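**Q** To start, I am sharing the structure in question, which I have written as structure tokens.
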Amino acid sequence: MKIAIILGTRPEIIKMWSIIHQLHEQKSDYLIIHTNQHYSSNMNEVFFQSLRLPLPHHNLHVGSDTQGKQIALMLTKIKEILVKEKPDCVMVAGDTNTVLGGALAASQLGIKIAHVEAGLRSFDSTMPEEINRILTDHLSDYLFAPTKTQEKHLLYEEVSPQKIHIVGNSVADAVLGHLKDVKKIDYLPKHSLRKQEYFLITIHRAENTDNKERLQKLLKSLEKVYQKYGQTLFYPIHPRTKKRIAEFKLKVPKGVILSDPLDYFEFLQLIENAKVVLTDSGGVQEEACILKTPCLTLRDNTERPETVEVGANIIAGTKPAKILSSIKLMMESKRNWISPFGNGDTGKKIIDIIQKDFNSLS
Ligand code: UD1
Ligand code: UDP
């Protein structure tokens, strides 16, 4: 059987690592279709190199446009490739425009769809990611849920139980599979950082960056954190946020050190050694939990509630008072939670399930 892996952004490359690795090791028939939703070298090529992934077989060059245009172009171009390549199954991971574009293309051609990271819900339909993940789940034939929480959401939405498989989270595969690489080089001196003496920041979600007042409030909160703790807030900034800060003419407060987006191993090391991580990223919430670093989610909800339940994460919103009180709480954490995301064999489980199912049909 032939599997088409569709990916397009930084987190999808990371989530697909163990799956591609597994297919490659087995010498299985597969291809990678890259939409290039992320195209800057430090959001794209860097991850293929570090993770030693084979280069994509097809690059679609669909980046930087409105959500509507991105999805429409991806759908059209992916369909053309699928018609030629004739895979038996298309695999997508997460909740980006690439994921929905890929799932729509496969569904229109009657090709089976596997959704990695199925069943996550923020219950906030104003987020583009929430719409992408709900639609993709309901188009999919294999729904790979990280934990029981997502299974519950899917059953509530009347997804057939036979389609749902609880397999852990493939982000855990990427983290646990590279712990040695992460420790090979000490990256902290390069950024003048010392263990446990800095906060790590990432902010890039549309709901936080596209609204001037909200982004301004977030920057104000970072300023207050620096005023209270006097320690660096290190922020590898996403190009979307960089663009918005310039467009809105906002000032980055004292104490916040900006850098370009970092390579994966370097970034994981910075998570591992941070006092607390402050983020609106999905993947970073999971990685902080896996690496035992306390996390604050700078949003009003999370689709990763397990991280909160185990005590690794607090939904801190954007207001200074809540952020400061949450940091205080998290600094007292004993960091003794157990990661709910599995032990690093999610990719293998996913491939085994799909291959077994196809073998039983042939
Ligand atoms: C997308 C996902 C988001 C995910 C994030 C991961 C959707 C709806 N959103 O958001 O869920 O968390 O990826 O990082 O799919 N840009 C560059 N270089 C790049 C990529 C983007 O400069 O390589 C800039 C462009 O100005 C672009 C903007 O960032 O317009 C937004 O990029 P886009 O891919 O539309 O969404 P993300 O914000 O990256
Ligand atoms: N990441 C990285 N370098 C950075 C920032 C993030 O390697 O400078 C990784 C991070 O470890 C995680 C992924 O990118 O695996 C998360 O991507 P992002 O926050 O852009 O997207 P989300 O997870 O919110 O969809």
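FYI, it's all coordinate maths here, none of it is from the lab. Fair warning: this is a prediction, and the values are worked out from it, not measured in the lab. So basically every Cβ, Gly included, is an ideal-geometry build from the backbone, and we count neighbours across all protein chains shown.
**Q** Run through the range 230-317 and list the trypsin sites (Lys or Arg not before Pro) located in a DSSP loop whose Cβ has at most 12 other Cβ atoms within 10 Å.
**A** Answer by residue number: LYS249, LYS251, LYS254.
**Q** Are there DSSP H segments in the chain that both extend 24 Å or more along their axis (alpha-carbon positions) and score a mean Kyte-Doolittle hydropathy of at least 0.0? List them, or say none.
**A** 67-85
**Q** To continue, here is another question. Taking the range 140-215, how much of its Cα-Cα pair set, in percent, is spaced more than 17 angstrom apart?
**A** Value for the range 140-215: 70 percent of Cα pairs lie more than 17 Å apart.
**Q** Right, another one. What is the extension gain from GLU197 to ARG240, computed as 0.36 nm multiplied by their sequence separation minus the C-alpha to C-alpha distance, in nm to one decimal?
**A** Gain on stretching GLU197 to ARG240: 12.8 nm.
**Q** Next question. Name all residues of the range 110-144 having a backbone nitrogen under 20 Å from the label point set 7 Å from the Cα of ASP352 along its Cα→Cβ direction, giving them as ranges.
**A** Counting only backbone N, you get 114-118, 142-144.
**Q** Reported to two decimal places, what Rg/Rh ratio describes the range 176-245 when computed on Cα atoms with Rh from the Kirkwood expression?
**A** So for the range 176-245, dividing Rg by the Kirkwood Rh gives 1.05.
**Q** Restricting to bridges with both residues inside the chain, how much of the DSSP beta-bridge set is antiparallel, in percent to the nearest 5?
**A** In the chain, approximately 0 percent of DSSP beta bridges are antiparallel ones.
**Q** Considering Cα pairs under 8 angstrom that are at least six residues apart, work out the relative contact order of the chain and quote it in whole percent.
**A** 16
**Q** Work out, step by step, the length gained on full extension between GLU213 and HIS138: first 0.36 nm times the residue separation, then minus their alpha carbon distance; give nm to one decimal.
**A** Taking GLU213 through HIS138 to full extension adds about 23.5 nm, to one decimal.
**Q** Which residues in the range 119-140 place their backbone N less than 15 Å from a point set 7 Å from the Cα of ASP65 along the Cα-to-Cβ direction?
**A** none
**Q** To continue, here is another question. Can you give the convex hull volume per residue for the Cα atoms of the range 233-362, as a whole number of Å³?
**A** Per-residue hull volume (Cα only) is 158 Å³.
**Q** Taking the Cα centroid of the range 55-102 and of the range 173-198, what is the distance between the two, rounded to the nearest whole Å?
**A** Comparing the Cα centres of the range 55-102 and the range 173-198, I get a distance of 33 Å.
**Q** Under a point spin-label approximation (7 Å from Cα along Cα-to-Cβ), what is the THR76-ASP263 distance to one decimal in nm?
**A** Distance between the two pseudo-spin positions: 3.8 nm.
**Q** For the range 1-72, would you read off the P(r) tail past 21 Å as a percentage of all alpha carbon pairs?
**A** Across the range 1-72, Cα pairs with separations above 21 Å total 24 percent.
**Q** Which value, in Å³ per residue, describes the convex hull spanned by the Cα atoms of the range 117-255?
**A** 156
**Q** Another question about this same structure. At q = 0.13, 0.14, 0.26 Å⁻¹, what is the log10 ratio I(q)/I(0) for the range 264-315, with the Debye formula run over Cα points and no solvent?
**A** -0.24, -0.28, -0.94
**Q** A 25 angstrom limit on the alpha carbon distance is what I want to check against. Which of LYS190/LYS217; LYS77/LYS242; LYS112/LYS152; LYS15/LYS183 exceed it?
**A** Flagged as over cut-off: LYS190/LYS217; LYS77/LYS242.
**Q** Which residue, HIS61, VAL83, ALA105, has the largest displacement toward the positive end of the dipole of the range 45-118 when charges sit on each Cβ (Lys, Arg +1; Asp, Glu -1)?
**A** Working it through, the farthest residue towards the positive pole turns out to be VAL83.
**Q** Let me make sure I get this right: for the range 13-147, a, b and c are the square roots of the gyration tensor eigenvalues over alpha carbons, sorted descending. Under 1.5 in a/c it's rounded, otherwise prolate if a/b > b/c, else oblate. Which is it?
**A** Rounded, because the longest to shortest axis ratio a/c is under 1.5.
**Q** Okay, moving on. Could you state the principal axis extents of the C-alpha atoms in the chain, from the largest down, to the nearest angstrom?
**A** Result for the chain: principal-axis Cα extents of 64, 42, 42 Å.
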